[in-house]
Amino acid sequence: MYQHLVEGTTSHAIFMINPDGDISTWSPAADELYGYAADAVDQQPLAILFSDKTSGDRSLATLLTDAKEAAIETRGWHQRADDSVFWAHMTISPLWNDVLHGYAVVSKDMTEKHEYEQMLERQNDRLKEFADILAHDLRNPLQLVDGRTQLARETGDDEHFDVIEQTTDRMERLIDDLLKVAHQGEVVTDPDPTDIAAVIDTAWEGAIGTDTDATLQYESVKTVAADTDRLCELFENLFRNAVEHGGEDVTVTVGPLPDGMYVADDGPGIPPDRRDDVFEHGVSTADDGSGYGLSIVRTIALAHGWDVEMAESKSGGARIEVTGIQFLD
C-alpha cells in the first residue's frame, strides 16, 4: 500500500526516514520535487533537503524528538539538487509497532502561497505606515489653516484666505498621492521641474511659521524633477525635525551637493550609532518625538529614486543628505 501511495502521488513528495533521520525510501514524486535520484539520497540525513540544515527554526534532531509521539508540521526553505530553493510544508509522522520503525515524511512546495502571504504582510505594513504618515503630516497644515483663519477674523485681510485655499489644495493632493503609494506601491513616475527655493519658502512657513527665532539659510540648489507637493513634505519634516532637536533658535541651512542637496542645523546632532535608526518608522531620539518625520523623508526620497542618509554638520549638528538627484540645469 505504501508503494502504491508514494508512486501514485504527484502533488506531495512522500518518502520514509529511519529512526536516526536517514532517508530509507524515496518516491518518484520526491525525485521530481527535489531533483535527487533515489541512490543519491539513500541513507542520507533528512537535513540534506534543508537549505540551511534546519527546517524553519528546528534542527533535524529537534524535529525527530518532537515527532516521536505524534505527527508534526514544519515550514522552511528547502534545497533541490540544483541548489535552487523553495518554501516547503513538511509533515513528519512516527511509525510505531511496539518500537519506532522510522517516520513517514510528506513534503509539498508552498512557495507561491508563502510569497503571496509575504506580499499581503508587506501591503498591510505599508497601509499602516501611510495611515500614520497621513495622520502625522496633516496636523501641521491644519494648524496653519487654523492660524490663518484666526488672523483673517482679527484683520479681515483676504490674503489669509488665499493661503488657506492653497494649503487645503495641497492637503488634498497629498492625501491622494500618499494613498496611491500606500495602496499601489507606486513611485514618482511623472515629476515636474521644481524650483527648490519656492518649495523651501512654502515648507518653512508650513513647518515653522513666522513667529519663531529659528533661522533659515539657503544656498542655491539647481532645479530638480520632482513631485512638488511631496518634496514640500520632505522639507517640512526636515525643518520640523531641526527645530524639535535643535531648539527654537536653531539655524537651518539648505545647500547643494554634487548629486543632491543637504539640510543641516547647528543643534546637538545625532549620535553616530543612531544615525541609521532614525529613518526607521516610529523611531525618535526626542522624548516627545513622533518618530515619523524622518521615516516620511526616507519614504518620499525613495519614491523619487533618491538616497537619504544622516551625517554631521560643520557645527556638530545634524546634516541630512539627499543624493542620487539628476538636476535639470
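Screening region 252-270 for residues that are over 13 Å from MET310 (Cα atoms) and among the hydrophobic types (A, V, I, L, M, F, W, C) and picking the one that is surrounded by the most Cβ atoms within 10 Å (Cβ to Cβ) gives VAL252. The sole residue among ASP249, ASP201 that is modelled with pLDDT of 85 or more and loosely packed, with under 13 Cβ neighbours inside 10 Å is ASP249.
The set of residues in region 298-320 that are of a type in the set (Asp, Glu) and either part of a loop (DSSP other than H, G, I, E, B) or more than 20 Å from the chain's Cα centre (by Cα) (or both) contains only GLU312.
A search for C-beta distances below 8 Å between a residue of region 88-117 that is at positive phi and any residue that is hydroxyl-bearing (Ser, Thr, Tyr), counting only pairs 6+ apart in sequence or on different chains, returns GLY102/SER24. In region 262-277, the residues that are at positive phi form Cβ pairs under 8 Å with partners that are of a type in the set (Gly, Ala, Ser) and surrounded by 14 or more Cβ atoms within 10 Å (Cβ to Cβ), at six or more places apart or across chains, as follows: GLY269/SER313; GLY269/GLY317; GLY269/ALA318. State whether the residues of region 95-104 include one that is at pLDDT 90 or above and touching a Phe, Trp or Tyr at 6+ places or on another chain (Cβ under 9 Å). So far as region 95-104 goes, yes, one or more of its residues are at pLDDT 90 or above and touching a Phe, Trp or Tyr at 6+ places or on another chain (Cβ under 9 Å).
The values are calculated or read from the model by the stated rules, or taken from the named source; none is laboratory data. Quantities reported herein were computed from a predicted structural model and do not represent experimental measurements. Here the Cβ is made from the backbone with ideal geometry for all residues, glycine too, and neighbour counts use every protein chain on show.
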